[in-house]
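The values are calculated or read from the model by the stated rules, or taken from the named source; none is laboratory data. Only a predicted model underlies this, so the values are computations on that prediction, with no experimental measurement involved. Positions of Cβ are generated from backbone atoms using ideal geometry, with glycine treated the same way; all protein chains shown enter the neighbour counts.
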Amino acid sequence: MVPQTVGDHIRKRRLGLKMHQKDVAKQIEVDTTSVHNWEGNLSKPEIRYMPAIIRFVGYSPLPEAKSWADRLVQGRTALGFSQKEAARRLDADQGTLARWERGEREPTGRFVESAERFLAEAEHALAPAVARTA
């Protein structure tokens, strides 16, 4: 079975490592019920847990990003940032970032450089996880 959700990816990795949910929970720093609910697709992980989940599974379990909007959402998610925190880091208004993430607009002017730096930071955060699985 090809994993479809973040919970599916966690379960596949956990079973591959022959780990218990409680051990995964300890590693991600959540309670066992959270891992159970994610794996059962009863709930989705909060964005703040995504960096730890990415480290655990060894890659980003998110779909491939093809547009500016997707890249920004995935970068923000990989870093575990709320939209408010990401906008602050981009030196942009939160509403502007929301429009970028919905694909209504794309960064222009000085924001292109800021967005590229932000995405590079996200890729750098993913690099150790990707290197472990290579």
**Request:** Give the residues of region 99-115 that are closer than 27 Å to VAL6 by Cβ and in a helix (DSSP H, G or I), sorted by residue number.
**Result:** ARG99, TRP100, GLU101, ARG102, ALA115
**Message:** Can you tell me which condition GLU104 does not meet? The list is (1) modelled with pLDDT of 95 or more; (2) surrounded by 15 or more Cβ atoms within 10 Å (Cβ to Cβ), and all the others hold.
**Reply:** (2)
**Prompt:** Taking helices (runs of 4 or more DSSP H) that do not extend beyond region 1-98, which have at least 2 residues that are within 11 Å of the chain's Cα centre (by Cα), surrounded by 16 or more Cβ atoms within 10 Å (Cβ to Cβ) and outside the structural domain of VAL112 (by TED's automatic domain parsing)?
**Reply:** 50-57
**Prompt:** Does region 60-75 hold any residues that are in contact with an Asp or Glu (Cβ under 6 Å, 6 or more places away or on another chain) and free of Cβ contacts under 8 Å to residues at least 40 places away in the same chain, and which are they?
**Reply:** ALA69, VAL73
**Prompt:** Give me the pairs: first residue in region 89-101 and under 11 Å from SER114 (Cβ atoms), second residue assigned to a helix (DSSP H, G or I) and β-branched (Val, Ile, Thr), beta-carbon distance under 9 Å, and six or more apart or on different chains, which are they?
**Reply:** LEU90/THR96
**Asked** Out of region 28-58, which residues are farther than 13 Å from THR5 by Cα and of a type outside the set (A, V, I, L, M, F, W, C)?
**Response** GLU29, ASP31, THR32, THR33, SER34, HIS36, GLU46, ARG48, TYR49, PRO51, ARG55, GLY58
